[in-house]
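A.B. asks: Pasting in a structure now, in structure tokens, and then I'll have a few things to ask.
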Amino acid sequence: MGNPLIIGLTGGIASGKTRVADGFSRLGVPVIDTDGLAREVVAPGMPALNAIKKRFGDSIIEATGQLNRSALRDIVFDDPQALADLEAITHPAISELALSRIAATDAEYLLLIVPLLIEKDWYTLVDRVLVVDAPESVQKARLMQRDNISAERANTMINSQADRLSRLAKADDVIHNDKDEEALESAILALHHKYLSLATT
């Protein structure tokens, strides 16, 4: 089999990317989640973790040797330079690992979940962009409930990403995740058949 068709799955924070990915996974579609890869590349002993420790100091390493993700998040959240430095360390490692997983996949097509696919130009690695879309009011309510945070913090997190129009402008396909479970499953199944058809033509 040749290279699989790569569908880049993205969407705003709390738009429902995981629910959509789980729906495709139940249909037997391989899913590669860059958030998961991001955790792998900063595991103890990995070069990226050593580079992060060198840049940010011992305070972001727990006694177990694991990365203290919340402490690091607090450092980079309001510091653009610190965030850029972190991304310069982690993104190449994540990209390399993603490409190796894609190469090892024996399927007609796969999903590559990239929350910042639009913002960080990851869309150059994929064949099609699938955007999970939800109104900002829905994102905000989900985010506040999920993370137990204030409305102000939720707004800041939403605004740190690309706006909806920019994201939708890059989309080849869109799933509107503001309806019931049945509508979501129906949309996923329709795209599944579309992607199988595209992958085999």
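The values are calculated or read from the model by the stated rules, or taken from the named source; none is laboratory data. Everything quoted here is computed from the prediction, not taken from an experiment. Methodologically, a virtual Cβ is constructed for each residue, glycine included, from the backbone with ideal geometry; neighbour enumeration extends over all protein chains shown. SASA here: full protein model, heavy atoms, side chains in, ligands and nucleic acids out. Shrake-Rupley method; radii C 1.70, N 1.55, O 1.52, S 1.80 Å.
A.B. asks: Just checking, how many residues over the range 13-33 are open to solvent by 10 Å² or more (accessible area, probe 1.4 Å), at pLDDT 95 or above and within 16 Å of the chain's Cα centre (by Cα)?
C.D. replies: 6
A.B. asks: I want to confirm something. Restricting to the range 106-148 and keeping residues that are without any contact (Cβ under 8 Å) to a residue 12 or more places away in the chain and surrounded by 15 or more Cβ atoms within 10 Å (Cβ to Cβ), which single residue is farthest from Asp180 (Cα to Cα)?
C.D. replies: Initially, the range 106-148 is screened for residues without any contact (Cβ under 8 Å) to a residue 12 or more places away in the chain, giving 121, 124, 137, 141, 144-145, 147-148.
So of that shortlist, the ones also surrounded by 15 or more Cβ atoms within 10 Å (Cβ to Cβ) come out as 141, 144.
Values: Ala141: 16, Met144: 20 Å.
Only one residue tops the list, namely Met144.
A.B. asks: Go through (1) crowded, with 17+ Cβ neighbours inside 10 Å; (2) in contact (Cβ under 8 Å) with a residue 24 or more places away in the chain; (3) touching a Leu at 6+ places or on another chain (Cβ under 7 Å); (4) not hydroxyl-bearing (Ser, Thr, Tyr) for Glu40 and report which single condition fails.
C.D. replies: (1)
A.B. asks: Among the residues of the range 11-39, what is the count of those that are in contact with an Asp or Glu (Cβ under 9 Å, 6 or more places away or on another chain) and in a strand (DSSP E or B)?
C.D. replies: Residues meeting the conditions: 2.
A.B. asks: Could you check how many residues of the range 45-60 are within 25 Å of the chain's Cα centre (by Cα), open to solvent by less than 40 Å² (accessible area, probe 1.4 Å) and free of Cβ contacts under 8 Å to residues at least 24 places away in the same chain?
C.D. replies: 2
A.B. asks: Return a yes/no flag: does the range 40-49 have any residue that is part of a helix (DSSP H, G or I) and in contact with an Asp or Glu (Cβ under 6 Å, 6 or more places away or on another chain). Don't jump to the end; show me each part of the working.
C.D. replies: Of all residues in the range 40-49, those part of a helix (DSSP H, G or I) come to 40-41, 47-49.
Subsequent filtering for residues that are in contact with an Asp or Glu (Cβ under 6 Å, 6 or more places away or on another chain) retains none.
Within the range 40-49, none of the residues are part of a helix (DSSP H, G or I) and in contact with an Asp or Glu (Cβ under 6 Å, 6 or more places away or on another chain).
A.B. asks: Here's another thing I want to ask about it. Kindly indicate whether Pro80 is without any contact (Cβ under 8 Å) to a residue 40 or more places away in the chain and more than 16 Å from the chain's Cα centre (by Cα). Steps first, please.
C.D. replies: Details: without any contact (Cβ under 8 Å) to a residue 40 or more places away in the chain: yes; more than 16 Å from the chain's Cα centre (by Cα): yes.
Yes: the conditions hold for Pro80.
A.B. asks: Then there is this: When the range 64-97 is examined, which residues are found to be in a loop (DSSP other than H, G, I, E, B), open to solvent by 50 Å² or more (accessible area, probe 1.4 Å) and under 17 Å from Ala43 (Cβ atoms)?
C.D. replies: Going residue by residue through the range 64-97, those that are in a loop (DSSP other than H, G, I, E, B) are 64-66, 68, 78-79.
Adding the requirement that they be open to solvent by 50 Å² or more (accessible area, probe 1.4 Å) leaves 64, 66, 78-79.
Selection gives Thr64, Gln66.
A.B. asks: Exactly one condition in (1) out of contact with any helix residue (DSSP H, G or I) (no Cβ under 9 Å at 6 or more places or on another chain); (2) surrounded by 15 or more Cβ atoms within 10 Å (Cβ to Cβ) is not met by Ser166; state its number.
C.D. replies: If we test Ser166 against (1) out of contact with any helix residue (DSSP H, G or I) (no Cβ under 9 Å at 6 or more places or on another chain); (2) surrounded by 15 or more Cβ atoms within 10 Å (Cβ to Cβ), just (2) comes out false.
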